[in-house]
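Worksheet for the structure shown next.
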Amino acid sequence: MADGYRPLQEDTKMADSVIVLRETPLVKSLFTTIRNKDTPREKFVLNSNRITRLLIEEALGLLSATPVTVQTPCGPYEGCTLPAEDRLCAVSILRAADCMLGEVRTMMPSVSVGKILIQRNEETAEPVLMYSKLPPDVATRPVLLLDPMLATGGSAVAAIEVLVKAGVPPANIIFVNIVCVKEGLEKVAAAYPAVRVVTGAIDPILNGQKYIVPGLGDFGDRYFGTDGC
């Protein structure tokens with residue numbers, strides 16, 4: 001495993017497919033800010049964006065590399081190239097992931113974009129696909145699937161199913177999220193073991209309302225200002 005990655009050591013079934021952002025003092029400081037319920041929105045947005053950029057850089061490091069030799073001013077260098085950004089596709093699970101999508105497009109302006117909207121059926125608690133719009137050639141592209149929180153895993157699995165039905169091989173999907181719990185990771189791994197996950201933190205549990213604990217509350221509400229604060 002490359003330096004900078006921290007695999008899920010305690011579960012060998014998921015160790016190769018789940019990458020946790022290395023908890024440097026910087027990363028811990030950023031998370032402390034966004035987890036704090038008293039953090040003002042401006043700082044919540046700024047620090048969430050910084051974490052997202054770190055996660056996207058880690059996810060891009062998982063893409064297939066092509067060896068290449070270039071000439072430096074002083075001699076040859078054996079390096080590599082990654083797929084061109086206009087061959088990638090970033091798919092956001094609406095609406096919270098749109099904040100992550102904005103950072104992806106700032107980093108890679110020519111990336112292709114897809115959208116998936118999934119809502120929970122209040123009677124059955126099952127995820128229901130409401131809308132999806134994907135590039136017509138999405139099956140040929142590496143896909144960054146974005147959602148800031150991975151709780152029960154229901155929405156993530158439903159979104160991955162949309163991509164797979166569109167022809168995307170599960171091995172071409174990298175699911176990027178900011179905070180998750182093991183329950184959600186296990187559900188994704190059970191349904192689509194070839195999908196790789198890049199996350200900022202794995203929290204211990206879900207509470208009775210299916211919120212991640214300690215988590216950071218409702219990410220979308222805090223980011224977009226619909227939490228009443």
Handout entry: The one condition in (1) surrounded by 13 or more Cβ atoms within 10 Å (Cβ to Cβ); (2) at pLDDT 95 or above that Y77 fails to fulfil
Key = (1)
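So that you can scan it fast, the table gives a plain yes or no per residue for (1) at pLDDT below 95; (2) among the acidic types (D, E); (3) touching an Asp or Glu at 6+ places or on another chain (Cβ under 8 Å):
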{"position": "V91", "(1), (2), (3)": "no, no, no"}
{"position": "A96", "(1), (2), (3)": "yes, no, yes"}
{"position": "Q119", "(1), (2), (3)": "yes, no, no"}
{"position": "A125", "(1), (2), (3)": "yes, no, no"}
{"position": "M130", "(1), (2), (3)": "yes, no, no"}
{"position": "P135", "(1), (2), (3)": "no, no, no"}
{"position": "V143", "(1), (2), (3)": "no, no, no"}
Practice task
Just name the residue that is nearest to I174 (Cα to Cα) out of those in region 185-217 that are in contact (Cβ under 8 Å) with a residue 40 or more places away in the chain and open to solvent by 60 Å² or more (accessible area, probe 1.4 Å).
Solution key: R196
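The values are calculated or read from the model by the stated rules, or taken from the named source; none is laboratory data. Because the structure is predicted, anything quoted here is derived from the model rather than measured. Heads up, the Cβs are rebuilt from the backbone with ideal geometry, glycines too, and the neighbour counts pull from every protein chain shown. Side chains included, ligands, DNA and RNA excluded: accessible areas come from the protein's heavy atoms. Shrake-Rupley method; radii C 1.70, N 1.55, O 1.52, S 1.80 Å.
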